[in-house]
Amino acid sequence: MSKPTAVTDSSFDVDVLQSDLPVLVDFWADWCGPCKMVAPVVEELATEYDGTVKFAKVDVDANPVTAGKYGVRSIPTLLIFKDGKPVGQVVGAVPKQVLEARLKESIA
C-alpha cells in the first residue's frame with residue numbers, strides 16, 4: 001500500500017519536478033476541513049495507482065514558497081505534474097470520480 005509522501009520547499013524539486021512518474025501533489029493545511037475530506041480519497045488513489053503515479057502532500061503553512069510559486073490561493077488544491085510541469089489542477093474537495101478523471105486525462 002502506497003501512501004502520499006510529505007514534500008517540503010527544499011525537497012519539492014527532487015521529489016516532484018525530477019520524478020520519473022507523474023506526481024499528484026495535494027496542497028493542504030492541518031486546520032483545513034475540506035483538506036481532511038479529500039485526504040482519504042488521495043490515499044485511496046495512491047494505493048490504486050501505486051507504481052504508476054507518485055502522490056505527495058505539501059503543508060502550505062510550513063512550505064509557503066512552493067505554494068506561492070504555483071499560485072495556490074485556496075486549499076485543498078491538487079496539482080498534477082508530468083515531466084516536471086503542472087498539467088492538471090483540481091481545487092476544492094471533490095468526489096473520487098472527479099479527481100480520478102482529472103488525473104487520468106492529465107497523465108494520458
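The numbers here are math on the coordinates, done by the rules we state, and not lab data. The shown structure was predicted, so the numbers you read here are calculated from the model rather than taken from an experiment. When we count neighbours, we look across all protein chains shown, and the Cβ atoms used for this are built from the backbone with ideal geometry, even at glycine.
Those residues that are touching a residue at least 60 places away in the same chain (Cβ under 8 Å), over 13 Å from LYS69 (Cβ atoms) and among the aliphatic types (A, V, I, L, M), I need them from segment 1-32; list them, please. Break it down into steps so the answer makes sense when it comes.
Here is the first cut: in segment 1-32, the ones touching a residue at least 60 places away in the same chain (Cβ under 8 Å) are 16-19, 22, 24.
Subset that is over 13 Å from LYS69 (Cβ atoms): 18-19, 22, 24.
Once the filter is applied, which keeps residues that are touching a residue at least 60 places away in the same chain (Cβ under 8 Å), over 13 Å from LYS69 (Cβ atoms) and among the aliphatic types (A, V, I, L, M), segment 1-32 yields only LEU24.
With the requirement that a residue be surrounded by 15 or more Cβ atoms within 10 Å (Cβ to Cβ) and outside any strand (DSSP E or B), what does segment 44-54 give you?
Once the filter is applied, which keeps residues that are surrounded by 15 or more Cβ atoms within 10 Å (Cβ to Cβ) and outside any strand (DSSP E or B), segment 44-54 yields LEU45, ALA46, TYR49, VAL53.
Of the residues that make up segment 78-88, is at least one touching a Lys or Arg at 6+ places or on another chain (Cβ under 9 Å), surrounded by fewer than 19 Cβ atoms within 10 Å (Cβ to Cβ) and in a helix (DSSP H, G or I)?
no
Of the residues VAL23, VAL16, which is within 18 Å of GLU105 (Cβ to Cβ), crowded, with 21+ Cβ neighbours inside 10 Å and touching a Lys or Arg at 6+ places or on another chain (Cβ under 9 Å)?
VAL23
Give me a count of the residues in segment 40-83 that are hydroxyl-bearing (Ser, Thr, Tyr) and touching an Asp or Glu at 6+ places or on another chain (Cβ under 7 Å).
1
Are any residues in segment 5-36 closer than 19 Å to ILE80 by Cβ and assigned to a helix (DSSP H, G or I), and if so, which ones? Talk me through it step by step, then tell me what you get.
The initial filter retains those residues of segment 5-36 that are closer than 19 Å to ILE80 by Cβ, namely 5-7, 11-28, 34-35.
Within segment 5-36, PHE12, ASP13, VAL14, ASP15, VAL16, LEU17, PRO34, CYS35 meet the criteria.
Checking the conditions here, which among VAL41, VAL58 is buried (at least 17 other Cβ atoms within 10 Å of the Cβ), closer than 15 Å to LEU79 by Cβ and of a type outside the set (D, E, K, R)?
On inspection, the qualifying residue turns out to be VAL58.
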